[in-house]
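The values are calculated or read from the model by the stated rules, or taken from the named source; none is laboratory data. Just so we're clear, the structure is a prediction, and the values are computed from it rather than from any experiment. All Cβ positions, even for glycine, are placed from backbone atoms using ideal geometry, and neighbour counts span all protein chains on display.
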């Protein structure tokens, strides 16, 4: 009996050691595939200078979110990043927030203002997911026509969502500021895709490869320049 108990004790100790090794390995793998972390201290200085101390708690929560997802599964990263911005950021229009007809805010600007329109939600989620280790080629910023009042409605308006692809030809999952849960595209009959894009190019519905360069989107180029100036290493 003592030999059996001694063996069980050894087994438990071994299991704890293996568990710790796996956790460290997962963290190392995360760091190897994640985009280079931005200079958070510089970002904080920029944020505080523009929006004051009231914006710091949102920024701190965002930074904690990124560091806390190192050993998480990819579905959990999608879920938590989607929930974070849907809860932390208030929806508003560009004329209301930025006094402009159409403005693409950087993630830092969205955190600073605490508000954004659908493009701002998507941009913030897109870059944050890359920072927590999601490969950029799995993500596409997608313009859609959203039916107002459900899938049977004949009234629609322009909207943007973030699409996540496990494989290039897979059915995407849709991250949307209008819904708390992440659904496959087949469960979003209210959305009709117009085109999608990421850093690699622009896609049309049904296209397996990018149809043109993302450089054609002037607002995207301007966004990347402003993010570099803030301290993001893209």
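Observations
- Residue under evaluation residue 85, criteria (1) touching a helix residue (DSSP H, G or I) at 6+ places or on another chain (Cβ under 7 Å); (2) over 24 Å from residue 160 (Cβ atoms); (3) in a helix (DSSP H, G or I), criterion not met: (2)
- The set of residues from the range 142-162 being crowded, with 23+ Cβ neighbours inside 10 Å, touching a helix residue (DSSP H, G or I) at 6+ places or on another chain (Cβ under 7 Å) and within 29 Å of residue 72 (Cα to Cα) comprises 161, 162.
- Filter result for residue 139 (within 24 Å of residue 46 (Cβ to Cβ) and surrounded by 21 or more Cβ atoms within 10 Å (Cβ to Cβ)): no
- Only one of 32, 19, 54 that is assigned to a helix (DSSP H, G or I), farther than 19 Å from residue 232 by Cβ, modelled with pLDDT of 95 or more and out of contact with any helix residue (DSSP H, G or I) (no Cβ under 7 Å at 6 or more places or on another chain): 54
- Qualifying residue in the range 82-98 (condition: within 23 Å of residue 208 (Cα to Cα), buried (at least 23 other Cβ atoms within 10 Å of the Cβ) and in contact with a strand residue (DSSP E or B) (Cβ under 6 Å, 6 or more places away or on another chain)): no
- Of all residues in the range 197-224, those that are in contact (Cβ under 8 Å) with a residue 60 or more places away in the chain and in the same structural domain as residue 142 (by TED's automatic domain parsing) have Cβ atoms under 6 Å from Cβ atoms of residues that are surrounded by 13 or more Cβ atoms within 10 Å (Cβ to Cβ) and in a loop (DSSP other than H, G, I, E, B), 6 or more apart or on another chain, in 200/210; 203/210; 219/104; 223/104.
- The range 167-194: number of residues that are within 18 Å of residue 137 (Cα to Cα) and modelled with pLDDT under 95: 4
- Of the residues making up the range 69-102, those that are free of Cβ contacts under 8 Å to residues at least 60 places away in the same chain, over 20 Å from residue 59 (Cβ atoms) and more than 16 Å from the chain's Cα centre (by Cα) are 71, 93, 94, 95, 96, 99, 100, 101.
- Among the residues of the range 110-135, just one is in a helix (DSSP H, G or I), touching a helix residue (DSSP H, G or I) at 6+ places or on another chain (Cβ under 8 Å) and either more than 19 Å from residue 231 (Cα to Cα) or not assigned by TED's automatic domain parsing to the domain that holds residue 56 (or both), namely 121.
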